Amino acid sequence: MSLLVVGLSHRSAPVSVLERAALHADAQVKLVQDTVAADPATEAAVLATCNRIELYADVDKFHAGVAELSTLLAQHSGVGLDELTPYLYVHYEDRAVHHLFSVACGLDSMVVGEGQILGQIKDSLARAQELHTAGRLLNDLFQQALRVGKRAHSETGIDRAGQSLVTFGLEQLALGAEVSDWARGKKALVIGAGSMSSLAAATLARVGVREIVVANRTADRAERLAEILNEGGDVSARAVPMDSVSDELTRADVVVSCTGATGLVLSAEAVAAARGSVAPLGVDEVPPFRESGSAPAARQPAGSATDENCPLDLAPMQATPGFSVLGEAAVAGMAASELEQHAAWVDNAPRPQSSGSVATVLDPAEEAEAIAALAATAAVIGRVPERRRPEPVAEIPRPTPSLFLLDLAMPRDIDAAVHRLGGVRLVDIESLADASADAPMAADVDQVRHIVADEVAAFGAALRAAHITPTVVALRSMAADVVAGEIARLDGRLPGLDDKQRGEITQTVRRVVDKLLHAPTVRVKQLAAEPGGAGYADALRTLFDLDPETVAAVSRAEDSTDEKDRGSS
């Protein structure tokens with residue numbers, strides 16, 4: 001049997017695909033059950049987080065296993081296989097082990113080094129154990145992954161490189177300010193009471209928010225989380241039912257949502273309604289262009305009376321944002337004769353009417369001076385020099401955010417359309433993925449990679465050595481049976497032997513057999529632990545004519561013992 005993983009993550013698929021493929025708890029249970037019921041697989045576990053869905057299985061056929069696991073992922077995620085396949089990755093045997101160990105250390109996380117993934121791996125293993133879909137291979141693999149992840153965090157500074165997704169999200173909300181300064185005194189609404197929401201609530205309390213309201217469909221979990229937060233003493237926390245979210249939204253400064261809902265928890269309309277002063281930014285809300293070095297100038301629309309009386313055909317200029325037919329950009333490239341016509345029209349053209357402080361009226365004397373200088377240049381070189389650099393265009397001003405939304409759910413809890421609401425800042429999984437692409441990597445990452453490589457080699461050696469152990473045990477059992485048979489035959493031939501003599505002979509024969517088997521069995525375990533050593537078990541069975549069913553029975557007995565040990569621990 002061999003380890004196989006098929007999955008997709010933020011590294012292989014866009015957020016929109018991850019969002020559609022997200023598996024709720026019941027779907028995860030059904031997926032692992034259907035996987036072990038399929039022909040190629042005997043064990044299965046699913047690792048589903050906000051940015052990855054991975055199916056691990058012990059399979060006896062690679063190609064059939066890939067096809068079956070891919071099909072099952074597509075069926076249970078609801079995304080068609082043809083659409084899902086381009087985003088799937090496959091890891092097999094040592095590469096699969098390397099992948100999980102890297103995931104456990106946070107090397108494959110959206111925020112490198114974050115430690116929350118260890119809890120998610122632990123939950124995945126516990127679910128597989130509860131469903132009895134994790135056998136010896138997956139139990140050993142996931143438990144070792146947890147140890148490797150803990151080792152990486154304790155022996156290196158990977159924690160300095162990484163942080164939780166919650167902390168990273170709050171940093172994005174704070175827009176470069178210190179999170180503690182930004183959060184101090186704010187009121188927070190946390191929607192959901194699962195592991196991620198609980199981490200978010202604890203993080204908000206630590207950075208200094210004044211009040212935390214927890215909303216959850218299960219009231220007991222929300223109340224328990226509020227109690228835990230209140231025990232800290234630095235924050236006031238209370239629990240509310242989900243139907244109170246709209247009311248709490250009117251008072252909150254920060255909202256963090258991470259639920260298992262399959263639909264939206266907060267729509268853009270609900271956010272706008274709760275924040276009555278928040279108005280959507282429409283496409284027509286374009287600020288006035290600025291003349292270089294001046295206040296915003298009143299602009300005549302293209303085709304107005306001011307422009308249409310110009311003796312020259314300047315229609316292309318009229319349609320160019322940031323240019324005025326009265327300014328230098330309009331006359332760039334004109335011949336001297338055309339420039340004279342335009343200058344005469346400018347001198348007599350009506351000026352823009354002042355409207356408060358936003359209109360800019362050029363001094364006729366200064367303008368005539370500039371046009372004269374252009375004319376002189378044109379007289380020398382025949383045309384006005386090209387200077388078509390557009391003047392700076394101001395960005396659309398947005399109101400300072402008064403409501404900060406952090407959506408850590410997959411699929412999303414908060415409507416992405418709230419991006420268009422003035423005074424609202426939304427950070428979600430998609431924006432976090434974009435931001436994390438530029439996040440610096442710590443020097444400790446290389447050290448963690450070395451740890452992962454060493455642990456993968458050690459795990460592979462142990463796995464290969466364990467693979468040959470049932471064969472060695474079966475060989476020694478066969479040798480013991482041979483000794484017992486020969487001693488019984490000796491009793492028949494020499495019935496006069498007393499107990500002391502019989503015992504001495506039996507011990508001598510056993511010592512001879514043990515010495516003959518010791519070197520080959522020790523050596524075969526060493527060889528089997530090396531890459532490519534799996535064939536030594538087959539060679540041993542062939543050389544000593546061992547019954548395959550006897551070897552399988554030993555293996556089943558070991559698995560049964562391991563299962564009892566796990567149940568009692």
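Remarks
- Any hit, the range 500-518, residues being surrounded by 11 or more Cβ atoms within 10 Å (Cβ to Cβ), among the basic types (Lys, Arg) and modelled with pLDDT under 85: no
- When the strands (runs of 3 or more DSSP E) confined to the range 204-317 are screened for residues that are at pLDDT below 90, over 32 Å from the mean Cα position of the chain (by Cα) and among the hydroxyl-bearing types (Ser, Thr, Tyr), none reaches at least 2 such residues.
- Among the residues listed as SER198, SER236, the single one being under 30 Å from ILE451 (Cβ atoms) and of a type in the set (Gly, Ala, Ser): SER198
- Given (1) within 30 Å of THR542 (Cβ to Cβ); (2) surrounded by fewer than 11 Cβ atoms within 10 Å (Cβ to Cβ), index of the condition PRO470 fails: (2)
- Exactly one residue among LEU175, LEU118 is of a type outside the set (Gly, Ala, Ser) and at pLDDT 90 or above, and that residue is LEU118.
- Residues being under 16 Å from ASP243 (Cβ atoms) and buried (at least 23 other Cβ atoms within 10 Å of the Cβ) - total across the range 214-229: 4
- Failed item in (1) open to solvent by 60 Å² or more (accessible area, probe 1.4 Å); (2) at pLDDT below 85; (3) in a helix (DSSP H, G or I), with ARG464 passing the rest: (1)
- When THR42, THR35, THR49, THR85 are checked against the criterion of being free of Cβ contacts under 8 Å to residues at least 24 places away in the same chain and polar (S, T, N, Q), THR85 stands alone in meeting it.
The rows are residues; the columns are (1) over 25 Å from LEU165 (Cα atoms); (2) in contact with a Lys or Arg (Cβ under 9 Å, 6 or more places away or on another chain).
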{"position": "VAL5", "(1), (2)": "no, yes"}
{"position": "ALA13", "(1), (2)": "no, no"}
{"position": "ASP34", "(1), (2)": "yes, no"}
{"position": "ASP58", "(1), (2)": "yes, yes"}
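- Of the criteria (1) open to solvent by 30 Å² or more (accessible area, probe 1.4 Å); (2) not in a loop (DSSP other than H, G, I, E, B), which one HIS132 fails: (2)
- All positions within the range 169-203 that are part of a strand (DSSP E or B) and open to solvent by less than 10 Å² (accessible area, probe 1.4 Å): ALA188, LEU189, VAL190, ILE191
- Reported count of residues in the range 128-146, each being free of Cβ contacts under 8 Å to residues at least 24 places away in the same chain and of a type outside the set (Asp, Glu), is 2.
- Condition check for VAL148: part of a helix (DSSP H, G or I), modelled with pLDDT under 95 and either open to solvent by less than 50 Å² (accessible area, probe 1.4 Å) or under 22 Å from LEU47 (Cα atoms) (or both): no
- Boolean, GLU155 is open to solvent by 30 Å² or more (accessible area, probe 1.4 Å), free of Cβ contacts under 8 Å to residues at least 40 places away in the same chain and acidic (Asp, Glu): no
The values are calculated or read from the model by the stated rules, or taken from the named source; none is laboratory data. No experiment lies behind these values; they were computed from the predicted model shown. No Cβ is skipped: glycine too gets one built from the backbone with ideal geometry, and neighbour counts run over all protein chains shown. Accessible surface areas use protein heavy atoms only, side chains included; no ligands, DNA or RNA. Shrake-Rupley method; radii C 1.70, N 1.55, O 1.52, S 1.80 Å.
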